[in-house]
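Here's the structure, in structure tokens; my notes come after.
The values are calculated or read from the model by the stated rules, or taken from the named source; none is laboratory data. Since we're looking at a predicted model, the values are computed, not measured. Glycine gets a Cβ as well: all are built from the backbone with ideal geometry, and neighbour counts include every protein chain shown.
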Amino acid sequence: MPDVPPTSAGKWRTALARFVTVIPHTRELGLEVLSVDPPEVTMRLPWRDELLGDTGRGLVHGGVLTMLLDTVCGSAVLCGLPSPEVCPTLDLRVDHYRPAVAGQPIMAEARVLRVTNAMVFTEGTLWQEPGRPIARGIGNFVRLGERNTPVGFAEALFGELDHA
């Protein structure tokens, strides 16, 4: 395993910002990492017309919301483990409470609820107005462990950052 990752929120914010710029769709959509307080992450998806699924009513496509929950929950997994490892999504349940509407950014927050030797359990929430959730997601991620995590994964995540 690589050295213990940095524990400062600032270093994790930089690392996760790097992570979302490597994923083509999150980079193209301009997803922003606002804060990290391991194992919690907050992100912001700026408004873009391309997010609409129903242009007549000005509603965001449900797939955008699912992608956002998967990304924020997966990011919480990275900073919720002792050392970063590859953890693919096993399943993601999304409960939609109300539609996301045109013209407003979408906020996303996720946290790790439990870590076992084989799994990481997370919960995330999306909103456009504080106190009015759009959707909630429960994400379960499979731990692949050191043997199946590519060499240099943590180093790529943290780039030039000091790992001590």
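What to note about this one:
- Residue-level check: of (1) at pLDDT 95 or above; (2) part of a helix (DSSP H, G or I); (3) more than 14 Å from residue 105 (Cα to Cα); (4) of a type outside the set (Lys, Arg), residue 65 misses just (3).
- Taken over the range 105-164, residues that are outside any loop (DSSP other than H, G, I, E, B), more than 25 Å from residue 44 (Cβ to Cβ) and modelled with pLDDT of 90 or more amount to 4.
- The condition of being without any contact (Cβ under 8 Å) to a residue 60 or more places away in the chain, under 27 Å from residue 98 (Cα atoms), in a helix (DSSP H, G or I) and within 13 Å of the chain's Cα centre (by Cα) holds for only one of 26, 21, that being 26.
- Of the set (1) touching a strand residue (DSSP E or B) at 6+ places or on another chain (Cβ under 7 Å); (2) closer than 20 Å to residue 36 by Cα, all apply to residue 156 but (1).
Here's the yes/no breakdown for (1) at pLDDT 95 or above; (2) small (Gly, Ala, Ser):
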{"residue": "9", "(1), (2)": "no, yes"}
{"residue": "26", "(1), (2)": "no, no"}
{"residue": "31", "(1), (2)": "yes, no"}
{"residue": "44", "(1), (2)": "yes, no"}
{"residue": "49", "(1), (2)": "no, no"}
